[in-house]
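A short worksheet on the structure shown next.
The values are calculated or read from the model by the stated rules, or taken from the named source; none is laboratory data. Owing to the predicted nature of the structure, the values given are computational and were not obtained by experimental measurement. So basically every Cβ, Gly included, is an ideal-geometry build from the backbone, and we count neighbours across all protein chains shown. With ligands, DNA and RNA removed, areas are computed over all heavy atoms of the protein, side chains included. Shrake-Rupley method; radii C 1.70, N 1.55, O 1.52, S 1.80 Å.
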Amino acid sequence: MKTALYLIPCTLGDTSLDAVLPPDNKKIVLSIRHFIVESRKCAVRFLISLDKNFPVDECTFFELSEHTAENEDLSQMLLPLEKGKSMGVISDAGCPGVGDPGSRAVEQAHKKSLPVVPLTGPNSIILALMASGFNGQNFAFNGYIPVKNGERDRCIKNLESKAYRENQTQLFIEAPYRNKKIFESIIKNCRDDTKLSVAAGITTEFEYISTKRIKDWKKSGFPPIEKIPAIFSIYR
């Protein structure tokens with residue numbers, strides 16, 4: 001195993017590690033003692049799930065989250081790697097660096113010409129795209145869309161227009177407790193023939209994936225995704 005900044009995927013929810021993570025990941029992670037994490041609590045829980053005897057007290061954790069200031073000097077967080085010690089980046093769920101603040105750690109590593117190694121694991125965005133039946137060669141992940149009703153409605157209309165104009169799948173997310181509001185906004189603002197794919201709780205026991213035209217969603221109503229992390233995708 002070479003010395004590098006390892007991008008460590010974790011599960012997308014309460015699911016078996018063996019079901020979604022390659023066994024080689026465990027060997028690599030268990031040898032690392034310096035981590036950059038979205039939250040220490042979630043990272044420790046993940047590490048203990050890999051090995052209940054993992055020496056957490058011997059590890060150092062640098063928290064890098066959405067609350068970390070954009071102008072904060074992050075150059076010090078990679079000091080262990082610069083001194084020849086491998087480091088790991090762990091997101092709260094899925095793959096670090098994708099829709100995740102861990103990308104700033106990767107950016108710093110490249111600036112310092114330090115090696116970066118992404119490990120294989122589940123990513124809700126790609127899994128949702130795979131399961132949607134939409135264009136997988138031309139797509140855009142738009143992250144969180146606006147919360148305010150008027151702004152959200154305009155954003156959804158713009159994304160729908162882009163899907164038609166550019167033949168591009170549009171993916172976006174919302175906080176799970178607002179799933180119903182965003183679903184209702186999509187139904188209200190999109191054309192009847194526009195397609196909507198909803199992928200929630202991917203890889204967990206609550207997994208729900210369905211693709212329908214808006215007119216058919218109007219008939220079936222809100223899916224069983226209340227408070228479950230979901231990816232919404234629209235396409236022409």
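Data overview
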item: Residue identified as out of contact with any His (no Cβ under 9 Å at 6 or more places or on another chain), open to solvent by less than 40 Å² (accessible area, probe 1.4 Å) and assigned to a loop (DSSP other than H, G, I, E, B) among Ile156, Ile182, Ile228, Ile187; result: Ile228
item: Residue count, region 8-47 (criterion: open to solvent by less than 50 Å² (accessible area, probe 1.4 Å), farther than 13 Å from Cys59 by Cα and touching a helix residue (DSSP H, G or I) at 6+ places or on another chain (Cβ under 7 Å)); result: 5
item: Residue check, Pro122 buried (at least 17 other Cβ atoms within 10 Å of the Cβ) and part of a loop (DSSP other than H, G, I, E, B); result: yes
item: Total residues in region 69-79, condition open to solvent by less than 20 Å² (accessible area, probe 1.4 Å) and without any contact (Cβ under 8 Å) to a residue 60 or more places away in the chain; result: 2
item: Number of the exception - Asp92 against (1) more than 18 Å from the chain's Cα centre (by Cα); (2) modelled with pLDDT of 90 or more; (3) assigned to a loop (DSSP other than H, G, I, E, B); (4) charged (D, E, K, R); result: (1)
item: Of residues in region 129-153 being open to solvent by 70 Å² or more (accessible area, probe 1.4 Å) and in a helix (DSSP H, G or I), the one nearest to Ile182 (Cα to Cα); result: Asn149
item: Boolean, Tyr164 is surrounded by fewer than 21 Cβ atoms within 10 Å (Cβ to Cβ) and in contact (Cβ under 8 Å) with a residue 60 or more places away in the chain; result: yes
item: Cβ pairs under 6 Å, 6+ apart, first in region 46-63 and closer than 16 Å to Pro80 by Cβ, second aromatic (Phe, Trp, Tyr) and open to solvent by less than 50 Å² (accessible area, probe 1.4 Å); result: Phe61/Phe35
